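As structure tokens, the structure follows; a few thoughts come after it.
The values are calculated or read from the model by the stated rules, or taken from the named source; none is laboratory data. Predicted model, so just to flag it, every value in this text is computed and none were measured. Backbone-built Cβ (ideal geometry, glycine too); neighbour counts: all protein chains shown.
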Amino acid sequence: MVSTGIFKRFQISDALARIIPFAGFMIFIGFEEGLRFLRSHDLVSFSDQSIYLLYPVKTLTTVFLLFWLYRRFVELNWRDLGRISDTLQSLLLGLVVFVLWINMDWSFGAPDKGASFNPGLFSNVVLFNTLIFFRLAGAVLVVPLMEELFWRSFLLRYLVDNEFMKIRIGQFTWFSCLVSALLFGLEHHLVFAGIMAGLAYNFLLYRTKSIVQCVFAHAITNLALGIYVLVSGKWMFW
């Protein structure tokens with residue numbers, strides 16, 4: 001009842017419901033980058049460790065926004081995962097995107113090693129494990145849901161028609177497919193890898209007509225990447 005009252009009071013549109021969690025997450029990233037910029041110009045002084053402590057706050061804030069707006073996401077049909085053939089394809093595609101991702105660490109758009117997430121900088125074991133937990137939980141459970149609602153459910157359809165809720169999930173146009181993939185790539189430090197992933201998840205949507213399958217594939221990619229980073233110590237991918 002509280003959520004319904006808030007929706008009526010602020011008149012949150014279908015578009016805003018899918019934009020708000022994504023925008024909240026990006027605001028945190030912008031704040032972190034802004035702090036690093038100020039530090040690079042000797043305007044503020046702080047350690048990388050202090051910025052890392054923002055990640056749990058960023059994750060929990062996004063969880064709150066997704067929970068608050070969840071009833072608006074009518075396109076989320078978790079029973080889609082019961083379509084075994086589609087789910088196996090999503091699993092395979094998620095792993096393929098992971099393999100391609102770690103082999104597309106090219107110089108243009110490569111991550112700033114100083115900005116990578118390396119909890120190994122913390123000597124405190126409890127803090128180290130807490131940050132690992134939030135990073136993995138955020139990457140596997142939160143980011144795929146938040147991003148797929150924005151990129152595949154909202155933007156991909158909005159680029160077809162600004163009354164995007166009238167567009168069925170998985171309707172294909174070259175313009176929406178390519179533009180959304182390009183923008184998805186620009187969101188990431190590894191731009192070309194991001195474009196590749198954006199195209200892959202787009203075509204999975206066209207194949208399965210399911211946002212949930214895209215969330216699952218995206219989660220598999222991020223889980224595999226997280227395990228790879230922890231095992232290899234290649235923090236630049238985080």
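The table below gives the values:
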{"read-out": "Residue list for segment 27-63, filter: in a helix (DSSP H, G or I), more than 17 Å from Ile132 (Cβ to Cβ) and in contact with a helix residue (DSSP H, G or I) (Cβ under 7 Å, 6 or more places away or on another chain)", "value": "Phe28, Glu32, Leu35, Arg36, Thr61, Thr62, Val63"}
{"read-out": "Single match in Ser123, Ser90 (criterion: of a type in the set (Gly, Ala, Ser) and free of Cβ contacts under 8 Å to residues at least 40 places away in the same chain)", "value": "Ser123"}
{"read-out": "Exclusive hit being surrounded by fewer than 17 Cβ atoms within 10 Å (Cβ to Cβ), modelled with pLDDT of 85 or more and over 19 Å from the mean Cα position of the chain (by Cα), set Leu88, Leu121", "value": "Leu88"}
{"read-out": "Residue tally, condition more than 22 Å from the chain's Cα centre (by Cα) and either at pLDDT below 80 or aromatic (Phe, Trp, Tyr) (or both), over segment 1-44", "value": "12"}
{"read-out": "Leu66 being assigned to a helix (DSSP H, G or I), at pLDDT 95 or above, surrounded by 13 or more Cβ atoms within 10 Å (Cβ to Cβ) and over 18 Å from the mean Cα position of the chain (by Cα)", "value": "no"}
{"read-out": "Contacts under 6 angstrom Cβ, first residue in segment 27-53 being under 15 Å from Phe117 (Cβ atoms), partner among the basic types (Lys, Arg) and modelled with pLDDT of 80 or more, 6 or more apart", "value": "Phe28/Lys58"}
{"read-out": "Odd one out for Pro111, checked against (1) out of contact with any Phe, Trp or Tyr (no Cβ under 7 Å at 6 or more places or on another chain); (2) buried (at least 16 other Cβ atoms within 10 Å of the Cβ); (3) at pLDDT 95 or above", "value": "(3)"}
{"read-out": "Residue match in segment 201-224 (condition: more than 23 Å from Asn77 (Cα to Cα), under 13 Å from the mean Cα position of the chain (by Cα) and not small (Gly, Ala, Ser))", "value": "no"}
{"read-out": "Whichever residue in segment 179-205 is of a type outside the set (A, V, I, L, M) and in a loop (DSSP other than H, G, I, E, B) and, among such residues, is modelled with the lowest pLDDT", "value": "His189"}
{"read-out": "Test: Leu230 is of a type outside the set (Phe, Trp, Tyr), modelled with pLDDT under 95 and closer than 19 Å to Gly94 by Cα", "value": "yes"}
{"read-out": "Selected residue (criterion: surrounded by the most Cβ atoms within 10 Å (Cβ to Cβ)) from residues of segment 129-187 that are hydroxyl-bearing (Ser, Thr, Tyr) and touching a residue at least 60 places away in the same chain (Cβ under 8 Å)", "value": "Ser153"}
{"read-out": "Residue check for Cys214: over 24 Å from Gly30 (Cβ atoms), without any contact (Cβ under 8 Å) to a residue 40 or more places away in the chain and assigned to a helix (DSSP H, G or I)", "value": "no"}
